[in-house]
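FYI, it's all coordinate maths here, none of it is from the lab. This is a predicted model, so every value here is computed, not measured. When we count neighbours, we look across all protein chains shown, and the Cβ atoms used for this are built from the backbone with ideal geometry, even at glycine.
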Amino acid sequence: MNTSMNEKKFVRGIAPFIRKADGKENTSTFMLDFLIALIPLVIFGWVKNGLIPFINNNTNFLGMLYPLLLPVCGFAFSVLIEALWYMLIVKSDIPVCDKLKITYPGIPGLLLGMIVPYTTPLWVLLLGVLFATVIGKLIYGGFGHNIFNPALVGFLFLTTYSYNTLMTGSTLFGGKGYLNPSEALTIVSGATPMTAFSADRFAGVAKLIEEYGLLKMFLGLTPGAIAETSALLCIIAFVYLYVRKVIDWRIPVIYVGTVFVLTYIIGAFNGYATTLNYALFGILNGGLMFGAVFMATEPVTSPRNPNGKVIYALALGVLTVVFRFASKLPEGVAISILLLNCFTAIIERLAAKLRVERNKRKVILSYSLVGVLLLAIASFPVVSSIPTKDTDQPTEATIEFVSASQNFATLNFEYNFKSGNDEFVVTTDTTNNILSISNSNYNTDEAKTTIKELINKNKIVNYIASVSETLDTLELVVNTKGFASTVVSTIKYNNNNVMTDFTVTYNESYDEEYNDGWNPNNGHPKDVLPSQIIANQDNLDNVQVVAGATITSKAILKAVEVANAYLDYLKNLENLTLVGKYQDYATLNFVYVFRNKDGKLLVTVNSNYEIVSGVSGDLVTQVTDVINNNKFTDYIESVNSDTIVVVTKGFSGSVKSTFKYNSEYKLTEVTISYNETYDEEYNADWDASHGHPKNVLPSQIIANQDNLDNVQVVAGATITSKAILRASHLAIEYLNVMEANNE
């Protein structure tokens, strides 16, 4: 039979996820294949987030099982909710058990349990599943009638409501938000790759790739949701589902490809034109692969027409890039899919109509208009990401963080950066105030703004805070990052570098930090660990961390690691090097401690910095030069029977504080004198209503001399206030020494 010229011959595509027309398989087979594809990701999520941390003693038995409980309980919650719905609300002539066999109730809860953070409480997951199942599926009439992906409806409910704080801001079994217990110990910022990307969309990517590597991102060994991080397993699942004719290739491939191309273009404008790393980072993170394979292809909410799939996938890619680069949403996949679900029917109707349209001009014009619309939308994140500043000037896109370390000679921090072919070092103090920049080209306000932002994102959190050496002892104060505060460890060594004393202070709150995972019977790490560390200082592997307080325990052990690095520095000193200085309270002379490979040398100088003991001969000139470059800025100037005079460094000069004390070694009067000029010093930040520190602080110091942390500095005059507080610490320290010596 011949086809007339007025007839158009066409072939209709069969949507494989509705039925398999070429066999006896049906939707139940599709769901079984879908579950089979998900199982490897569930197992991977359990091994990565539960089993490995358990093996590494970073979590307990329940913490080990928890990554498996989330998807399993999500599945069970979803089945239970749907069963109750058909039993109590929408009754049917079909028995509930038979009804559930054709509505596939467990899928939304299973998917939701796979894409939530590690520390999501089960009751929060239950609320999310309830919302996903009822609002996202059942109120529309159940399976086959919903217009939105139910799992993503539940996810959006949890992440845009107050439950997000409960999921990401809390800790559970040693985990922290999206970080499993092992990651929580090493990633102090708590950031996943995509949250770090959101904070620094260009320069930060190079650091993330350097830190994790694209291979780890591909395998899924990076922080993220429970079971969505492995791109490899998602690709394997895609191949399996495609071979089984469960999904069509168009949506996943075109969706991911669109994101890849647009991300490359954006990266090319920002220094990544010669590498695919930036674009690969974009498709290997943020749940894109998982969403493309398992969410975007959801049978009811995605188009069935082949051309509709292409439009749908292109739009998904464009919207994901828009949300990632032109909004505050770092991930963009979930909201993009939900937004496109609203237009699925329109896309389906348009594509189906054009497929049988005989007027080719109309077909070409219609698809061209769709293409122009998508290009216009795609141009927004591309154009907005093009650098607008003079490319000859250092910008956040051209300055990249490389590494950071502490200089043990000065205790300052050294941050290494690169910009193009330039490499330079920025030196800061331990509060990260910039002291110097090795390349003057980057000593501009614009470059320093970028440098400060990068330093804030890469702060050194484990470091030597102070060093104090006497003839017989070495005392190190080490700050390390605990869970909610800084852990301060004071470690003392004898001249043979043998640890003799170890004390720890911190403000960790166990009830809040560990969610009852810590038992008081386990003891506090600050009480339990020091004796163990001293006894096992040659083999710290023998030290047992406190169960339920692993983060604080690890922070204390980290302090020993930092201290050992400092000891190694001392052992390798060749030249005579200043390693410490202090004031001798008995004579008020200044003592400088030097070291070289031969040992320790103490040099004493008077208030005029004249050497009075400790060195002679050839070393005098060398030692004198070092001392003159390291004069004391904070010191006790004089004392008598009831008065201590202390000099400290203020903003533009010295601050002199005079302290009166009684026979019980308590401060009774504080008088401050200085020549600070507030208008010049504080650029009008100080207001006269705040008062002068010399008038405001003395009464506070006397009232809080047992705990000077309670003294409030004067707003707008913090430098002077802190100088007075340092003087107060010195005066009280001196009184404590006098009292101990019963003078």
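Tell me the mean residue ellipticity at 222 nm calculated for the chain from its helices only (DSSP H runs of n ≥ 4, each -39500 (n - 2.57), averaged over every residue, nearest 500).
Working: 27 runs with 330 residues, N = 743.
Here the helix-only value at 222 nm equals -14000 deg cm²/dmol.
So if the hydrodynamic radius of segment 26-190 is defined as the Kirkwood radius over C-alpha pairs, what does Stokes-Einstein give as its diffusion coefficient at 37 °C and 0.692 mPa s, in µm² per second? Answer, rounded: 199 µm²/s. Label-to-label distance, Asn575 versus Thr410, with points set 7 angstrom from Cα along the beta-carbon direction: 1.4 nm.
Which residue, Gly141, Trp46, Tyr609, has the largest displacement toward the positive end of the dipole of the chain when charges sit on each Cβ (Lys, Arg +1; Asp, Glu -1)? After comparing all options, I get Gly141.
Across segment 425-435, coupling constants 3J(HN,Hα) worked out from phi with the 6.51/-1.76/1.60 Karplus curve, θ = phi - 60°, read 10, 10, 9, 10, 7, 6, 9, 6, 7, 5, 9 Hz, and Gly and Pro carry x.
Taking amide H as placed 1.01 Å from N in the peptide plane, Glu637 has its amide H under 5 Å from the amide H of Val645, Val646, Val647, each at least 5 places away in sequence or on another chain.
What number comes out for the charge environment of Phe502, summing +1 per Lys or Arg and -1 per Asp or Glu over other residues with Cβ under 15 Å away? Mind showing how you got there, number by number?
Working: positive: Lys492, Lys526, Lys558; negative: Glu475, Asp501, Asp527, Asp538, Glu561.
Its environment carries a net charge of -2.
Rounded to the nearest 20 debye, the dipole magnitude of segment 26-190 is 100 debye, with +1 charges on Lys and Arg beta carbons, -1 on Asp and Glu beta carbons, and the Cα centre as origin. Full extension of the segment from Thr29 to Trp249, taken as 0.36 nm per residue of separation minus the current Cα-Cα distance, would add 77.3 nm. For Thr500, the residues whose modelled amide H falls within less than 5 Å of its own, excluding neighbours fewer than 5 places apart on the same chain, are Lys492, Tyr493, Asn494.
Panel order for Trp46, Trp123, by other beta carbons found within 10 Å of each beta carbon, from fewest to most: Trp123, Trp46.
Along segment 339-356 the Karplus relation, 6.51 cos²θ - 1.76 cosθ + 1.60 evaluated at θ = phi - 60°, assigns HN-Hα couplings of 5, 5, 4, 5, 9, 4, 4, 5, 4, 4, 5, 5, 5, 5, 5, 5, 5, 10 Hz to successive residues, with x for each Gly and Pro. Positive end of the charge dipole of the chain (Lys, Arg +1 and Asp, Glu -1 on Cβ, about the Cα centre): tell me which of Val124, Ser92, Pro693 has its Cα farthest that way. With unit charges placed on the Cβ atoms, the residue in question is Ser92. Straight-line reach from Lys245: taking Cα to Cα under 19 Å and skipping same-chain neighbours fewer than 8 places apart, the lysines in range are Lys20, Lys24, Lys309. Its alpha carbons considered, the chain gives a radius of gyration followed by a Dmax of 33.1, 123 Å. Taking a straight line from the alpha carbon of Lys660, these lysines sit under 25 Å away, with near neighbours fewer than eight places off in the same chain left out: Lys649, Lys694, Lys722. Its convex hull of Cα atoms gives segment 370-496 a direction-averaged projected area, equal to a quarter of the hull surface, of 12.5 nm².
Summing Cβ point charges (Lys, Arg +1; Asp, Glu -1) relative to the Cα centre of the chain gives a dipole of roughly 5140 debye. Distance between the modelled labels on Val402 and Lys459, one decimal in nanometres: 2.5 nm (7 Å Cα→Cβ projection). Measuring nothing but how far apart in sequence close Cα pairs (under 8 Å, 6+ apart) lie, relative to its length, the chain scores a relative contact order of 7 percent. Counting every other Cβ atom within 10 Å of each residue's Cβ, Ile81, Ile43 order from fewest to most as Ile43, Ile81. For segment 544-555, 3J(HN,Hα) computed residue by residue from phi via the Karplus equation (6.51, -1.76, 1.60; θ = phi - 60°) reads 9, 5, 7, 4, x, 9, 5, 5, 5, 4, 5, 5 Hz, glycine and proline entered as x.
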